[in-house]
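Values quoted throughout were computed directly from the atomic coordinates according to the rules given, and no laboratory measurement underlies them. Given the structure is predicted, the values throughout are model-derived calculations rather than measurements. Backbone-built Cβ (ideal geometry, glycine too); neighbour counts: all protein chains shown.
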Amino acid sequence: MAGTKKIKDITEAELLKMPEKDYMNEVQLEFFRKRLQQMEAELRQNADETTEHLRETVIVPDPADRATIEEEHALELRTRDRERKLLKKVQQALARVQSGDYGYCEETGDPIGIPRLLARPTATLSLEAQQRRELKQKMYGD
C-alpha cells in the first residue's frame, strides 16, 4: 500500500476480505489502534463512574437494604478490578501497535490472525499457542 494514500476507516468485513499478504499493513494497524483506544476510553469512563458511584454515601437504616447496597458495591468493585486488568492489556496492545509487533504471536512469531484479533484485540498468542498453553495448564496446573 502506498504511503501517500490516506488511511480510510474500514469495516470488519472489509478487514476480513484483505489478502494475507496485507497482514498488519497500515490500514489494519490503524483499525486496531482505533479499536484499542476506544476500549481504553470506555474502561477509563467506567472506572470514573464507579468512583463517583461509590462516593455517593447513602445512609440506610434497614440492615437488609444496607447489605444489598454493600453487595452491589462489592460486585461493582470486582467488575472494575477485571476491567483494570483489561485496561493494562489494552495499553500493552497499543504499545505493540506502536512498536510494530501487534498481531504476531509472542511465542512463535506467527500471525495471530484477523478473526482472532477482532474477537480479542488484546490477544498476544496465536490460537494454536493459546491452546497449547491452556492444555499445559490443565495438565500441570499453573
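Determine the shape class of the chain: with a ≥ b ≥ c the square roots of the Cα gyration tensor eigenvalues, call it rounded for a/c under 1.5, and otherwise prolate if a/b is greater than b/c, oblate otherwise. In terms of gyration-tensor shape, oblate. Residues whose amide H comes within less than 5 Å of that of Y104, counting only those at least five positions distant or on another chain, are I112 (H built at 1.01 Å from N in the peptide plane).
Net length available on complete extension from A74 to E42 is 9.5 nm, with 0.36 nm assigned per residue and the Cα-Cα distance removed.
Starting from the 7 Å offset along Cα-to-Cβ, what nm value, one decimal, do you get for the label separation of S99 and E134? The answer from the label model is 2.6 nm.
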